[in-house]
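Report on one structure; see the data block that follows.
The values are calculated or read from the model by the stated rules, or taken from the named source; none is laboratory data. These numbers were taken from a predicted model, which means no experiment stands behind them. Reconstructed Cβ throughout: ideal geometry from the backbone, glycine too, with neighbour counts over all protein chains shown.
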Ligand code: IVH
């Protein structure tokens, strides 16, 4: 579960910068998955939430907007690579029904609306779980194919749809209107989906979680050649724009679609009245496992098209149709044990180990229990018979306990206090805030505090360590790291540098498939190049919580070199008041950072890891702000236009000389440098009696001559 986000208003500038950096990375990773790999890793809603958060932070800190900000590229990147297509008639969605009562009410509603005494006839069609598409035929020729999109505007995927064998390029038979948009579902049959995944796995590529995602990804390939290699199929079940009516009932229309060369669902039945609806549903539920493709319910449609016309639409769904959904599949089984799984961030999740049980065609042995609070709330005990639920592609969940079946010896779960990893480090709950009395409010997530030392978290830390903003080691991407980690060649960051000098390991690597002389030479070179590393990058690479790139720079500048930094950190960990005070005094360092570094440097394994690195690396000091200059320790405000340099340049130069640059004038301001056009800040400065000088006077004071050269 993600940590709750701090309100944007409460973010410090440093936190904002860290978060914007992280958001840019995260969103670009999602974009790559979405566009290049066609395997979206988050829902559109979750992606939009990231976008909104990014925009809110940028709105508050406009000067932090990065060149590569997702807000500058989202439109282009996320917007389709396919041309937009406005549907002649919108592609609507269906209302849902979940019970027999809902189905009966649907029938009653229709009869009320049409004031009918007689029974209504309906089609009951399988609700295919794929993605819908619209095919435009002009004089019988397929001229355009589009995805549903938002219902009004879809994407032009004509070339891709044309590769699907079940989509005719020319309509067969006769009697079709000059213009007709045929609508239906693009989907995979189970065997084709399985074959595709097997091939992907064999090729070491990512596999798809379910047939629907896979169909969607396959259809939205930029290269239609790839779509062509996938055995996508198409069921026709509806139509959009028409130049002339072609049938009087849905049943007749489906028959015509079949005549014209489309596949329609063989399981569709025309039924009479409410009773017919219920029977059709029961039958569909029964044959569902034998269909060979995924369906998630039954679609009921009023058969007579003139009645459909009269019934019309309510907002975005037709009044004449409804989707009766299958319930999430449930099963009962024995809970044999509860294990704790450690995620990448150290967050631990309890997992139910179950006596194997078949749910919706899949044998389930594990299910998530979410967190300790959930286990307590549902009073789940080891030995219990539990109700298991699996809906669509989601992870199976334990929804409850069959209390009547509880054995006398069922054991309440004692939530572990320590990580199950061999180090057995204590688990900690995230603190989310304070109550009125100043007591901590804990979140539901518990975390392993083992950080680098926990094997489950180690690999994730290694990935961060080698990443672009940390050690930036080319040739040690996620895949290579995982391999070296699994083989035990790299278990901790220090191992990376030993590996580069371990002749026997390197010799073995050269023999390896897909490696060879050149790649080993390159790998060694890129590792060796990073033995020399600036202190701020080193600090960032450690992956201490709350210490991102910006905070790492603040710490590095604050302490200057690695010895001063490490000495201070050890003191902070030991609770040395003076050291804590000194850390606190650094600009933008708050409680969260102090606690995080104290925790990090208290952990023995972390200390071992740091020492190991220090021994192998040449950690470069960073320039500390000067203390022996005319402006050291002074707070300066630049206002008006500067003529000799940019505002950013002036700021960097002043900070380099130990000054603090502020954006507004207050009593704490020592100097206001006012250029032409200075307004209210200059006025405030005069009122407060703050020293005001021109740009040239400022430059003279810091010892820069007006031709830009520093004196001496
Ligand atoms: S008819 C105006 N028939 O379900 C109604 N839709 O929730 C147009 N679907 O977007 C849809 N099987 O992707 C219809 N036999 C079927 C269907 C079906 C699956 C999908 C379709 C649609 C969604 C509506």
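Here are some notes:
- Of the residues making up region 189-224, those that are part of a helix (DSSP H, G or I) and in contact (Cβ under 8 Å) with a residue 60 or more places away in the chain number 11.
- Qualifying residue in region 548-566 (condition: under 34 Å from the mean Cα position of the chain (by Cα), modelled with pLDDT under 90, over 16 Å from residue 623 (Cα atoms) and in a helix (DSSP H, G or I)): yes
- Between 624, 647, the distinction of being touching a residue at least 24 places away in the same chain (Cβ under 8 Å) and surrounded by fewer than 18 Cβ atoms within 10 Å (Cβ to Cβ) belongs to 624 only.
- A Cβ distance below 7 Å, combined with a sequence gap of six or more or placement on separate chains, defines the contacts here; from region 255-270, residues that are touching a residue at least 40 places away in the same chain (Cβ under 8 Å) reach residues that are part of a helix (DSSP H, G or I) and within 12 Å of the ligand (Cβ to nearest atom) in the pairs 267/284; 268/254.
- The number of residues in region 603-621 that are loosely packed, with under 13 Cβ neighbours inside 10 Å and in contact with a strand residue (DSSP E or B) (Cβ under 8 Å, 6 or more places away or on another chain) comes to 1.
- Some residue of region 141-151 being outside any helix (DSSP H, G or I), surrounded by 14 or more Cβ atoms within 10 Å (Cβ to Cβ), away from the ligand (no atom under 16 Å from the Cβ) and over 35 Å from the mean Cα position of the chain (by Cα): yes
- Some residue of region 108-125 being within 16 Å of the ligand (Cβ to nearest atom) and loosely packed, with under 14 Cβ neighbours inside 10 Å: no
- For region 152-174, filtering for residues that are modelled with pLDDT of 95 or more, surrounded by fewer than 18 Cβ atoms within 10 Å (Cβ to Cβ) and within 16 Å of the ligand (Cβ to nearest atom) leaves 1.
- Once region 81-107 is narrowed to residues that are away from the ligand (no atom under 16 Å from the Cβ), loosely packed, with under 14 Cβ neighbours inside 10 Å and farther than 30 Å from residue 31 by Cα, the residue that is farthest from the chain's Cα centre (by Cα) is 101.
- Breaking point among (1) away from the ligand (no atom under 16 Å from the Cβ); (2) touching a strand residue (DSSP E or B) at 6+ places or on another chain (Cβ under 7 Å), for residue 221: (2)
- The condition (being in contact (Cβ under 8 Å) with a residue 40 or more places away in the chain and within 25 Å of the chain's Cα centre (by Cα)) is satisfied by just one residue among 331, 323, 347, 337: 347.
- Here residue 294 does not fit the description of being touching a residue at least 24 places away in the same chain (Cβ under 8 Å), closer than 30 Å to residue 415 by Cα and within 31 Å of the chain's Cα centre (by Cα).
- Residue in region 500-516 that is under 21 Å from residue 539 (Cβ atoms) and touching a helix residue (DSSP H, G or I) at 6+ places or on another chain (Cβ under 9 Å) present: no
- Filter result (at pLDDT below 90 and closer than 17 Å to residue 587 by Cα) within region 514-546: 546
- Residue 130 passes every criterion in (1) modelled with pLDDT of 95 or more; (2) surrounded by 20 or more Cβ atoms within 10 Å (Cβ to Cβ) apart from (1).
- Residue 185 vs. criteria under 35 Å from the mean Cα position of the chain (by Cα), assigned to a loop (DSSP other than H, G, I, E, B), in contact (Cβ under 8 Å) with a residue 40 or more places away in the chain and closer than 21 Å to residue 217 by Cβ: no
- Applying the set (1) in a strand (DSSP E or B); (2) away from the ligand (no atom under 13 Å from the Cβ) to residue 235 leaves exactly one unmet item: (2).
- Residues that are touching a strand residue (DSSP E or B) at 6+ places or on another chain (Cβ under 6 Å) and in a loop (DSSP other than H, G, I, E, B) were ranked within region 288-321; the one that is nearest to the ligand (Cβ to nearest atom) is 320.
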